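Notes follow once the structure below has been shown.
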Amino acid sequence: MAPQRDCRVSPILRVILFPLARTPGAGLRAGVPVTKPTLAILLLLSSLIPLAPVRAAAPPVLPFSEVRAGMKGIGRTVFSGTGVAEFEVEILGTLPNIGPGQNLILGRCSGGPLASTGVLAGMSGSPVFVDGKLIGAVAYSWGFSKEPIAGITPIEEMLAAAARGEGAAAGPRTGAPIDGASLRRLRSPEAAAAFFPDGILARLPRPSAGSPASVPVSVAGIGAQGIERIAPLLARTGLTPMQGGGAGRSPSPSPPLVPGSAVGIKLSRGDVDITATGTVTWVDGERVMAFGHPLFGLGSVDMPLTGARAEALLPSLQESARLATPLSEIGAFHQDRISGIFGRIGAASRMIPVRLELRARGGPPETFSFDLAGHPLLAPLILYAGLNGILANEERMTGNITLRVGEGSVIKLDGVEDVELDNLYAGPTASFLATGIPAYVLYLLLNNDWVPPRVTGINLILDYDVEPQSGRIRRVGLDRYRARPGEKVEVSVVVAPYRGAEQILKREFEIPPETPPGPLQLFVGDAGNLSRVEGAGEEDAMPRDLTQLVKLINQLRRNDRVYVLGTREDSGVVVDGERLPSLPPSALSILLRPRSRGNFTIVKRRALLEQEIPADFDVEGLARVQLEVEAP
C-alpha cells in the first residue's frame, strides 16, 4: 500500500486565495475577477510551494501470529530501472524464536525473473502483502537454493525497531578503549597497519540469528583492479562488492520513494563511491524502513540515503544479484538494527571529506576527493579500502615500492591541532603501511576516551616510486669513546642504500651536563627498533586527553631518520604518567608490594639524550656503542 496522498491546500496559497473566496449571498470578495490565466498562475504557485510532510497512516498489518502456511500474497520490488513491479509469494510456514525477539516467515516467490534468478541480493526489504495487509519484508535467502525461497522479517519487529531511534546518531565510541596496546601499535608501523582489516572486522557486530541475504554494494571510481583489491575486505563484512556506476557530480534525481523502491546507503561518495543497495519496505511520511535485516548492526548511524536504479540482474547458481546505480541523496539513515535500517527523508548526513593527491615519479599529480560515512568503525575501514582501491587501480602495489606520505598530510580536528601523518614507507609492505597507518590513527581519534571528536577533513599527499628508497645501517662509530658531561661527541653512521654506494651520515651531540659518571649506552637505528629498545615504561605512559593523544601522535619517530638514543640502566617507575627515576631500593620495594595500587610501570632503562639524522630513504637496522662518561 502506498502512503496516503496529501490533498491539502498550502497555507501560503490559502492566504492568496482568501480574497477571492465566495461569500454566501455575495459576489467575489473585493470584486476581483477570476480569469483562466489567474487560476493557472495560482495552480502553478501551489505546485511550487512545499508542504510540510504529512505522516501516512500506519500500514494495516497481519501479525506474525496470524500468518499461516498456504496463504498467498504479493511482493513489491524493482527489477529494472526505478519502476516497482509485483511478484507472487506463497507462505510455506513460520520459524518462531530464531533469535531473541525474532521470528521468520518462509515464503516461495514467483513471477517476473525469479524463476531463473531466485531471490536476488538487493531484494532485501521488499514488502510482502497478504489480503492487502503488510506481513513483513523479504530479508533472508539461502545460497545454491533450487527454488526462490525467502525468509521474511515480520513487520511488527520492524515497526518496533523503527520506533526506537529518532534523530541522527551522536557518533558514540564503538572501538576498544585506548590502552598500552593501542600506543604500542602506534610505535610499531607493522602492528598499526596490521590492525586493518582484522582489528576492525572483529569489532563489527554480526547478526545473531538467521542468514541475511547478501547486500550488493555498488563500487565505482576505482576500476576493476581496485575492486579486486578491496573485495575480500568488503566480503568479510557481509557485503558483495560489484562494479557499479557512481552517482557522479550531478547524479540523476531520485524518484519519490514508495514501498518496493530501490534504495541506497552511501558508505563513501565522490571519486570513490561505495553504496549498499536494497529495497524500501514502508514509507511513513518522511520516515523510511528498509532491508528487513541489518547492514552491519551498528545501532545509531548517520549515512546518506539515496534512491537507486536497477541496471541489470545477474543470475548466479550461488546467489543472484541486482546491479544498481545510486541516484541523488534524499535523506539519511539513522538506525541499523537487527530487523532493518531506518531513516528520514530530508535529513542530511555529516561525512568526513578526504582529499588525496597521488604523485608518481615522471607523471602529473592526480587528485581524488571523496567523503566517508563518519561512523567510528566504518570511517577508518572505508578510508583504508578507498586508498587501497585507488592505489591498486593507478599503480603497481606488489613488490618493492616506495610511498612517501608527504608533508601537509594531516587529519584536521575541530578545536585541536592537526594530526600529522607524513612519513616514508619502502619495500614490499609499503602500500600496506601507507594506507593502514592513517586509517589506524583515524580509528584512535574517533574512538578516543574523552570527547566526541569532529573530524573536519583528511588531506593526504602520496608520492609513489616503483623503486624502494631504503637503506640499511652497516656500521656506527664515534670520534671518541670517553667524554665529560657538557662535551660534544660526533657519531658516524655508515648506511648502504638500495642499489647505491654507501653513505656516511654524521651528527654531533652534547652529553647532557647532568649526566652522572659511568657507561652510557648509545643505540643507533631506525624508528621501530628504537621503540623496542625503550621498553614498556615509555609505551605505557598514557595520554590524559585528546590534546595529549594528538601530541603523542605528532611526536612519533619517522622512518626516514637515523636516531641516536643514549640510555642508562635505571631502577625507576612511571606512576600515572609521571617518571620517577633512580629510586632507592627501599622506595622501589614499597611500590612493588602486592598491595600497591595505581597505574605504574617498572622502568629498567632511562633515556638521557636523543638525536636524529635526516635521510632520503627508509632506514633499517640497529647498532649499539658504549660511551664512557667521565667525572667533570
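How far apart, in nm, are the 7 Å Cα→Cβ label points at Glu487 and Gln555?
In this crude spin-label approximation the distance works out to 3.1 nm.
Take the range 317-359, drop everything but the C-alpha atoms, weight them equally and run the Debye formula without solvent; then report log10 I(q)/I(0) at 0.23, 0.33 Å⁻¹ to two decimals.
Values returned for q = 0.23, 0.33 Å⁻¹ are -0.97, -1.10.
PRE reach from Val494 (point 7 Å along Cα→Cβ): which of the range 452-475 fall under 12 Å by backbone N?
Within reach of a label on Val494, which here means backbone N under 12 Å from a point 7 Å along Cα→Cβ, the range 452-475 contributes 473-475.
Between Ser188 and Gln521, what is the label-to-label distance in nm when each label sits 7 Å out along the Cα-to-Cβ direction?
Label at Ser188, label at Gln521, 1.9 nm between them.
Using 1/(1 + (r/R0)^6) with R0 = 35 angstrom and r between the beta carbons of Val466 and Asp198, what's the FRET efficiency to the nearest 0.05? Working shown, then result.
Values: r = 29 Å, r/R0 = 0.82.
The value I calculate is 0.75.
Got the relative contact order for the range 422-545 handy, in percent, Cα pairs under 8 Å and 6 or more residues apart?
Here the relative contact order equals 17 percent.
Please give the length that would be gained between Asp179 and Asn97 if that part of the chain were fully extended, namely 0.36 nm times their separation in residues minus their C-alpha to C-alpha distance (nm, one decimal). Numbers along the way, then the final one.
Numbers: separation 82, 0.36 × 82 = 29.52 nm, distance 3.92 nm.
The span from Asp179 to Asn97 would gain 25.6 nm if fully extended.
So which trypsin sites (Lys or Arg not before Pro) in the range 246-325 end up in coil per DSSP with only 14 or fewer other C-beta atoms within 10 Å?
Arg249
With 5 Å bins from zero, work out the P(r) of the range 467-517 over every alpha carbon pair and list the percent per bin.
Result returned by the calculation: 5, 19, 21, 16, 12, 11, 8, 5, 2, 0.
Evaluate E = 1/(1 + (r/R0)^6) for Phe144 and Ser369, where r is the Cβ-Cβ distance and R0 equals 60 Å; express this FRET efficiency to the nearest 0.05. Can you show the working numbers first?
Working: r = 41 Å, r/R0 = 0.69.
Result of the calculation: an efficiency of 0.90.
Read-outs throughout are calculated quantities, based only on the coordinates presented, and are distinct from any laboratory measurement. Keep in mind that what you see is a predicted model, and the values were worked out from it rather than measured. Please note: Cβ atoms are built from the backbone with ideal geometry, for glycine as well, and neighbour counts cover all protein chains shown.
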